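The next block holds one structure in the form of structure tokens; read it before the comments.
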Amino acid sequence: MRQSARNRFTVIVLLVVLSASAAWAQGKSLPLPKVSIELGKATKPEDVSVTLQILFLMTVLSLAPAILILTTAFTRIIVVFSFLKQAMGTQQVPPPQVLIGLAMFMTFFVMAPTWNRMNDEALQPYLNGKMTMEQAYDKGVVPLREFMFRQTREEDLALFVRMASVSKPVSRDDVPTYALVPAFAISELRIGFQIGFILFVPFLVIDLVVSSVLMSMGMMMLPPVLISLPFKILLFILVDGWHLIVGSVLNSFR
């Protein structure tokens, strides 16, 4: 397999070289892309502003995965799916890529109203030149903060506000975002673990019943997981498990 891939790569390189040689022999020039990065001296304040905006955008893009995970519904969904996989005892079914993809699209579904508000109230006015970047940020973070406040426990929020050593907030507007995000994250983990515990109970009962039956029959050398796995899958199919779990997770955000 490795030798075949190497041969294909060699053939592709030879074809590129031969085509370039033929074009050069016929006096034709090949349009090749050119990438250049220039570092110059800023001559006006607008140049500095653009440079800072580019640096800010690159920073945001580098932090995008963490922002997507810790400020959206993704954490709760993927934790529930992980517990489900452990409870059923299926090692690589469904594959991790499938679960992460499903969790991502469920996250898009849950966050769609919030993101639409952010787009209508902040992003589009900024792109149309009606707002500055600071105004767009202040306006766009409001829908996201409202979503996180709805899903955050007061105890978790109070913990981070107290640890941040800030004055006692009078309203939600006084709560800093850097305290709201971790409070929201641990609240999502808590709810995900609660749902995961409920998922474990019926599958645990099946494991106990199968283990007791095998012990009573004297078949102690036979792994109980090998026998209980088909019954777990059958139970999951009979109760329409995916529909039930996905519906329950989505309803938990209302």
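The values are calculated or read from the model by the stated rules, or taken from the named source; none is laboratory data. What you see is a predicted model; the values in this text were computed from it and never measured. Neighbour counts run over all protein chains shown; Cβ positions are idealised from the backbone, glycine included. Heads up: the accessible areas ignore ligands, DNA and RNA and are worked out on the full protein's heavy atoms, side chains in. Shrake-Rupley method; radii C 1.70, N 1.55, O 1.52, S 1.80 Å.
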Per-residue HN-Hα couplings for the stretch 88-97, Karplus 6.51 cos²θ - 1.76 cosθ + 1.60 at θ = phi - 60°, whole Hz, x for Gly and Pro?
6, x, 7, 6, 10, 10, x, x, x, 5
Compute the Cα gyration tensor for the stretch 106-153, then decide on rounded, prolate or oblate, letting a ≥ b ≥ c be the square roots of its eigenvalues: rounded whenever a/c is under 1.5, prolate when a/b is larger than b/c in the other cases, and oblate in all that remain.
oblate
Between the stretch 140-198 and the stretch 96-122, the alpha-carbon center distance in angstrom
19 Å
Point-to-point label distance, residue 90-residue 149, nm (Cα→Cβ direction, 7 Å offset)
4.1 nm
Can you work out the Karplus-derived ³J(HN,Hα) for every residue in the stretch 74-86? Use 6.51 cos²θ - 1.76 cosθ + 1.60 with θ = phi - 60°, whole Hz, and x for glycine or proline.
4, 4, 4, 5, 5, 5, 4, 5, 5, 5, 4, 5, 5
With all protein chains present, how much of the accessible area of the stretch 60-161 (probe radius 1.4 Å) comes from carbon and sulfur, to the nearest whole percent?
67 percent
